[in-house]
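Right, one structure below, let's go through it.
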Amino acid sequence: MPRGTYAARHKPPMSRLRHNLLSDLPHRLREHREQLLADLRRWGAEVREDPTLLWRTAAVRVGLWVVLGVVVLLTARALTRSLVSLAREGQGEQAAPVAILRVACASTSCRHTYTSHQPMDFAAWPMVCPRCGQATVYRAKLCPKCHRWYGTVPGAPKVCPLCSAPEAPGQPDEQPAPAPENPDDAEDPWG
Ligand SMILES: [Zn+2]
Ligand SMILES: [Zn+2]
């Protein structure tokens, strides 16, 4: 018997097929679920007998890999975040080096002098004096004659306001760390 003829004769009309599918659907679902539950129960019993089956079951293996992948991803993200925050902290320390500045109040009735810790690029002169409260604190210079510190007001004569001695020649505006008196005394790296 030619196959084409058989198929044509036994093929139900499309409308009838659809009707059967729809009316059978709840039954089919129930059957499917029962089948699935039975499979699961059987699988559970087999796993109890042979635990290695758990690993050999593809679905479980895939699930475990997925869980492992998520754990690895989360760990990597947490690590990256902590490293980034560490790096930021490091940058923050580098970005704000602190200079120790000798400063003095230029107010004639105060003359308060002290050291101040400021960022290396500090330029907000004058500072407010902690003793008299006036904004009259400038970088200080040491008078070569009376050996007292005084605030260097911009535009003021370059003399000590306390004893009128001229400003020490070549005294830098900054007070860098004192260099060794004689460079030859410094340790020679070449031995
Ligand atoms: Zn003052
Ligand atoms: Zn002086």
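The residue among A106, A135, L54 whose Cα reaches farthest toward the positive pole of the charge dipole of region 41-166, with charges on the beta-carbon of Lys, Arg, Asp and Glu, is A106. On the principal axes of its alpha carbon atoms, region 97-175 extends 33, 28, 21 Å, with the longest extent given first.
Only Lys, Arg, Asp and Glu carry charge here, each on its Cβ (+1 for the first two, -1 for the last two); on that basis region 97-175 has a dipole of about 320 debye about its Cα centre. Placing R0 at 45 angstrom, the Cβ-Cβ distance between V153 and V84 gives a FRET efficiency of 0.45 after rounding to 0.05.
How much FRET efficiency would the formula 1/(1 + (r/R0)^6) give for W65 and D39, where r is the Cβ-Cβ distance and R0 is 22 Å, rounded to 0.05? Between W65 and D39 the formula returns 0.50.
Every number in this text was worked out from the coordinates using simple rules, so none of it is lab data. The structure presented is a predicted model; accordingly, all values stated were derived computationally and were not measured. Note that each Cβ is placed from the backbone with ideal geometry, even for glycine, and that neighbours are counted across all protein chains shown.
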